[in-house]
Amino acid sequence: MIYIAHRGNINGQIKEKENCPEYISKALDLGFDVEVDVNFVHGNFYLGHDRPQYKVDISFLMNDKIWCHIKTIKTLEQIHGNKNLHYFWHENDKYTLTSRGVIWTYPRQILFDGCVMNQPEFEETSMSNTHDSILRSAKKYATTSNCYGICSDFVQYLRDKI
C-alpha cells in the first residue's frame, strides 16, 4: 500500500504550506507520494488549490511519486498524453481513473479492491479529525480490501499505525 500526502500534508492540514514545492519535496524525501493541485495559466504550470500560487517547471511534476490533480480543462489539454506525468481530473465524481489506470475515489465513497482511499479523516460522520477516528476509518478499509493506497493529510500517522 502506498501513502499519498494530500497537497504535501503529512501530520495534519497546514493550509499556508499546501502545494508549496518545498513542502512537497519534504514529503517526497520522507518516502511519501504526494497529491498536488495543478493549473496551467499564461503558458506556465502552477501549483495551488483555489488559484495558481507556485510556478513550477513541468519537470518538477515528472516524478512517479507525484499525483497531479488537474484543476482546469486548459491544464488537462496541456498535459494529456504526457506519459511522464501521473494525473487525474475529478470534481465531484465518486470515482475517476488516473492516467495510469488507478481508481481515485472521492471521500466517503464505497471502496473496493484497487482504489485509493481519499481522506479517511472525512469518513467519520462527526467529521472528527482525531487520530483515533482517522485510524479507525483507514484500518477498516485497509484490512477489508486490497487497498492500492491512502491519500490523507495524516499519512505519517497512518503509515506508522497500519
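The values are calculated or read from the model by the stated rules, or taken from the named source; none is laboratory data. Please read these numbers as outputs of a predicted model, since none were measured by experiment. As a convention, Cβ positions derive from the backbone with ideal geometry for all residues, glycine included, and neighbour counts pool all protein chains shown. Accessible surface areas use protein heavy atoms only, side chains included; no ligands, DNA or RNA. Shrake-Rupley method; radii C 1.70, N 1.55, O 1.52, S 1.80 Å.
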Q | Unique match (being modelled with pLDDT of 95 or more and within 21 Å of Asp153 (Cβ to Cβ)) among Ser25, Ser99 | A | Ser25
**Q.** Failed criterion for Gly12 (all others in (1) modelled with pLDDT of 95 or more; (2) on the phi > 0 side of the Ramachandran plot; (3) out of contact with any helix residue (DSSP H, G or I) (no Cβ under 7 Å at 6 or more places or on another chain) hold)
**A.** (1)
**Q.** Identity of the residue in the stretch 97-112, out of contact with any Phe, Trp or Tyr (no Cβ under 8 Å at 6 or more places or on another chain) and more than 17 Å from Ile4 (Cα to Cα), that ends up least open to solvent (accessible area, probe 1.4 Å)
**A.** Phe112
Q. Taking interchain pairs and intrachain pairs at least six residues apart, which have beta carbon atoms under 9 angstrom, with the first residue in the stretch 109-121 and closer than 12 Å to Thr96 by Cα and touching a residue at least 40 places away in the same chain (Cβ under 8 Å) and the second assigned to a strand (DSSP E or B) and open to solvent by 20 Å² or more (accessible area, probe 1.4 Å)?
A. Val116/Ile2; Val116/Ile103
(Q) I'm told Lys94 meets every condition in (1) within 16 Å of Ile4 (Cβ to Cβ); (2) at pLDDT 85 or above; (3) not β-branched (Val, Ile, Thr) except one. Can you identify the failing condition by its number? (A) (1)
**Q.** Candidates Ile66, Ile79, Ile70, filtered to the one that is β-branched (Val, Ile, Thr), buried (at least 18 other Cβ atoms within 10 Å of the Cβ) and in contact with a Ser or Thr (Cβ under 9 Å, 6 or more places away or on another chain)
**A.** Ile79
